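The values are calculated or read from the model by the stated rules, or taken from the named source; none is laboratory data. Quantities reported herein were computed from a predicted structural model and do not represent experimental measurements. Don't worry about glycine lacking a Cβ; one is built from the backbone with ideal geometry, like all the others, and counts go over all protein chains shown.
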Amino acid sequence: MTKESSFNRRKRRVRNSIRNAKNKHLRLTVFRSSKHIYAQIIDDLHSKTLVSASSLKDKTDNKKKMNLSVHVAGILAKKALEKKITKVYFDRGSYKYHGRVKIFAETLKKNGLII
């Protein structure tokens with residue numbers, strides 16, 4: 001089994017569990033690159049992105065990737081609460097729930113989003 005096929009299997013498994021839930025919550029997706037982290041809240045019923053945040057345009061002095069995850073999660077939670085979004089499904093994609101992804105999710109929970 002190659003690394004790519006295991007990523008695709010994991011991503012498919014996560015997305016299917018979210019789609020099978022049949023609730024009308026929104027989906028929060030995370031993408032992390034080697035330097036940055038991106039997140040967006042998507043309404044799958046209307047195929048629209050409601051809120052997004054990324055570390056790409058971040059002008060902070062903090063260059064550690066873990067701290068960027070905390071910063072972006074704070075920005076995303078603030079934007080979501082302004083639009084009265086409180087409950088979302090966390091779609092981690094093909095990433096394991098540890099490291100930057102885990103810190104991102106825990107920061108969202110601390111800032112008021114229900115995952």
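Cβ separations smaller than 8 Å between residues 6+ apart or across chains give the following pairs from region 92-115 residues that are buried (at least 16 other Cβ atoms within 10 Å of the Cβ) to residues that are basic (K, R) and in a loop (DSSP other than H, G, I, E, B): V101/R92; A105/R92. Pairs meeting the criteria (first residue in region 49-76 and of a type in the set (D, E, K, R), second residue at pLDDT 85 or above, beta carbons under 7 Å, at least 6 apart or on different chains) are D58/L68; D58/H71; K65/R100.
Somewhere in region 34-41, is a residue modelled with pLDDT under 80, surrounded by 12 or more Cβ atoms within 10 Å (Cβ to Cβ), under 25 Å from I75 (Cβ atoms) and of a type in the set (A, V, I, L, M)? No, region 34-41 contains no residue that is modelled with pLDDT under 80, surrounded by 12 or more Cβ atoms within 10 Å (Cβ to Cβ), under 25 Å from I75 (Cβ atoms) and of a type in the set (A, V, I, L, M).
It is to be established whether one or more residues within region 97-104 are among the β-branched types (V, I, T) and out of contact with any Ser or Thr (no Cβ under 9 Å at 6 or more places or on another chain).
No - not one qualifying residue is present in region 97-104.
Among the candidates S55, S47, the residue that is modelled with pLDDT of 75 or more, touching a helix residue (DSSP H, G or I) at 6+ places or on another chain (Cβ under 6 Å) and of a type in the set (S, T, Y) is uniquely S55.
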